[in-house]
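Encoded as structure tokens, the structure appears first; notes follow it.
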Amino acid sequence: MAKRTKKPHRARRLVLVLAALLLGALIRGNVSLQTETFTCRSAHLPEGFDGFTAAVLSDLHGKTFGKDNERLLAAVAEQSPDAIFLTGDLVDEHTQNAQEYSASLASALSAIAPTYYVTGNHEWASGIVPELKKTLRAAGVTVLSNEFVPVERGGDTVVLAGIDDPNGYADQKTPETLASEVYAAYGEVYWVLLAHRNDRFETQYSLLGADLTVSGHGHGGIWRLPFFGGLFGTQHNLFPTHTAGLYEDNGAALFVSRGLGNSPRFVPRIFNRPQVAVITWERG
């Protein structure tokens, strides 16, 4: 009688091992933070802001990284940023105890560096924006609701402006009006715009005159493919642009965070780890 081969059993074991490795990599790719640094250079930047850094956190959607977000907070604190930008979708309509979550995270971030926030589309969809703004302000965060503030460093001033997401009130101040108010108050000042939606930069936000716009919303394309970038756009389009990193349109610069959370929540990130982005400004 011929001896039975054990190759099929070995093949099955190999398949199981590979499946376990892929599952582990998928889980790690959705919970393991990636800190990345970027440099924004401009001859228009005041000398006092050469070397200024900002940590950009976007699209958390109520996600936590460790107990009380301790891993996220440690990653931010390690960078010793001069400012922290929260560019929308901090929570969404599925976040449990959204106010408590926001208050806890905002208080901890504000203790690291001055923190600035603009709304995203999901916060408006959740119906909690007015109360959320109060919660964040009470926790020490500067909420930029179609408004701007001066930031001073080394004897120089830049302006930081922020707009509410278009999902907000129908009669809210337009980005164009806000830009005109910045120029009326400060003239040809270097200014940064926080605006949640990355997909509005090319056709609208790039025309406002801001030296740099900082956005989120795109989630890095959710799945990122080598040599192609993001796969899915927020408009349900394939291979969208402006999903991660630095871009330029109409002579204006844009930085887009890949974000931290998942939306839709049941769709995992692939080759797209949750990102803590750190921008350093350089004069030149």
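The values are calculated or read from the model by the stated rules, or taken from the named source; none is laboratory data. None of the values given here were measured: they were computed from a predicted structure. Cβ sites come from the backbone with ideal geometry, for glycine too, and all protein chains shown count toward neighbours. Heavy atoms of the whole protein, side chains included, go into the accessibility calculation; ligands, DNA and RNA do not. Shrake-Rupley method; radii C 1.70, N 1.55, O 1.52, S 1.80 Å.
Along each of the three principal axes of the Cα atoms of region 179-284, give the extent in whole Å, ordering the values from largest to smallest.
Principal extents (Cα only, largest first): 46, 27, 25 Å.
Check residue 115: other-chain or 5+ apart residues with amide H under 5 Å from its amide H, H built from backbone geometry?
84, 142
Would you mind calculating the gained length between residue 74 and residue 185 on full extension (0.36 nm times residue separation, minus the Cα-Cα distance), in nm to one decimal?
Working: separation 111, 0.36 × 111 = 39.96 nm, distance 3.74 nm.
Gain in length upon complete extension: 36.2 nm.
Just for the chain, what percent of DSSP beta bridges are antiparallel, to the closest 5?
On the way: 19 of 50 bridges.
About 40 percent, rounded to the nearest 5.
Go ahead and run the numbers for FRET between residue 50 and residue 104, Cβ-Cβ distance against an R0 of 30 Å, rounding to 0.05. Don't skip to the answer; put the middle values down first.
On the way: r = 34 Å, r/R0 = 1.14.
That pair, residue 50 with residue 104, gives E of 0.30.
What is the gain in length, in nm to one decimal, between residue 10 and residue 125 on full extension, counting 0.36 nm per residue of separation less the C-alpha to C-alpha distance? Let's see the in-between values first.
Numbers: separation 115, 0.36 × 115 = 41.40 nm, distance 5.14 nm.
My answer for the length gained is 36.3 nm.
Rg and Dmax in Å for the chain, alpha carbons only: what are they?
Radius of gyration, then largest Cα-Cα span, for the chain: 21.0, 95 Å.
Averaging sequence separations of C-alpha pairs under 8 Å and six or more residues apart, then dividing by the length of region 77-180, give the relative contact order as a whole percent. Don't skip to the end; give the middle numbers.
Numbers: 158 pairs, mean separation 27.1, N = 104.
This gives 26 percent for region 77-180.
Please sort by residue number the GluC sites (Glu not before Pro) in region 148-236 whose DSSP state is loop and whose Cβ has at most 12 other Cβ atoms within 10 Å. Mind showing how you got there, number by number?
Working: sites: 152, 176, 181, 188, 202; in loops: 188, 202.
Sparse-neighbourhood loop GluC sites (Glu not before Pro): 188.
Pop out the ³J(HN,Hα) list for region 116-128 in order, Karplus 6.51 cos²θ - 1.76 cosθ + 1.60 with θ = phi - 60°, rounded to Hz; leave Gly and Pro as x.
10, 9, 10, 6, x, 5, 6, 5, 5, 5, 6, x, 10
Ordered by residue, what ³J(HN,Hα) values in Hz, to whole numbers, does region 144-157 give under the Karplus form 6.51 cos²θ - 1.76 cosθ + 1.60, where θ = phi - 60° and Gly and Pro are x?
Each residue's phi maps through the Karplus curve to give 9, 9, 6, 8, 9, 9, x, 10, 10, 6, x, x, 10, 10 Hz.
So what is the calculated 222 nm ellipticity per residue for the chain, using -39500 (n - 2.57) for each DSSP H run with n of 4 or more, over all residues, to the nearest 500 deg cm²/dmol?
Values: 6 runs with 77 residues, N = 284.
Rounded to the nearest 500, the figure is -8500 deg cm²/dmol.
Out of all DSSP beta bridges with both ends in region 78-202, state the antiparallel percent to the nearest 5. Don't skip to the end; give the middle numbers.
Numbers: 7 of 16 bridges.
Taking every DSSP beta bridge within region 78-202, about 45 percent pair in antiparallel fashion.
About the Cα centre of the chain, how large is the charge dipole given +1 on each Lys and Arg Cβ and -1 on each Asp and Glu Cβ? Please answer in debye to the nearest 20. Present the calculation step by step, with values, prior to reporting the outcome.
Numbers: 25 positive and 29 negative charges, 575 e Å.
The dipole magnitude comes to about 2760 debye.
How many lysine pairs in the chain, separated by 8 or more positions in sequence or lying on different chains, have Cα atoms less than 22 Å apart? It would help to have the intermediate numbers written out before the result.
Details: 63/133; 63/134; 133/173; 134/173.
For the chain, the number of qualifying lysine pairs is 4.
Around residue 157, which amide H atoms from residues at least 5 apart in sequence, or from another chain, sit under 5 Å from its own amide H, with H modelled in the peptide plane?
Under 5 Å from the amide H of residue 157 lies no amide H from a residue far enough along the sequence or on another chain.
Find, among the chymotrypsin sites (Phe, Trp or Tyr not before Pro) in region 214-255, those assigned to loop by DSSP (not H, G, I, E, B) with at most 15 other beta-carbon atoms within 10 angstrom.
Details: sites: 223, 227, 228, 232, 247, 255; in loops: 227, 228.
Sites meeting the loop and neighbour criteria: 227, 228.
Counting only the heavy atoms of the protein chains, how much of residue 32 is accessible to a 1.4 Å probe, in Å² to the nearest 10?
20
Taking trypsin sites (Lys or Arg not before Pro) as candidate sites, keep only those in a DSSP loop with at most 10 other Cβ atoms within 10 Å, then name the longest stretch of the chain containing none of them.
Values: sites that count: 3, 4, 6.
In the chain, the maximal stretch lacking such sites is 7-284.
Over what distance in Å are the Cα centres of region 224-279 and region 121-179 separated?
22
Averaging sequence separations of C-alpha pairs under 8 Å and six or more residues apart, then dividing by the length of the chain, give the relative contact order as a whole percent.
Computed over the chain, the figure is 26 percent.
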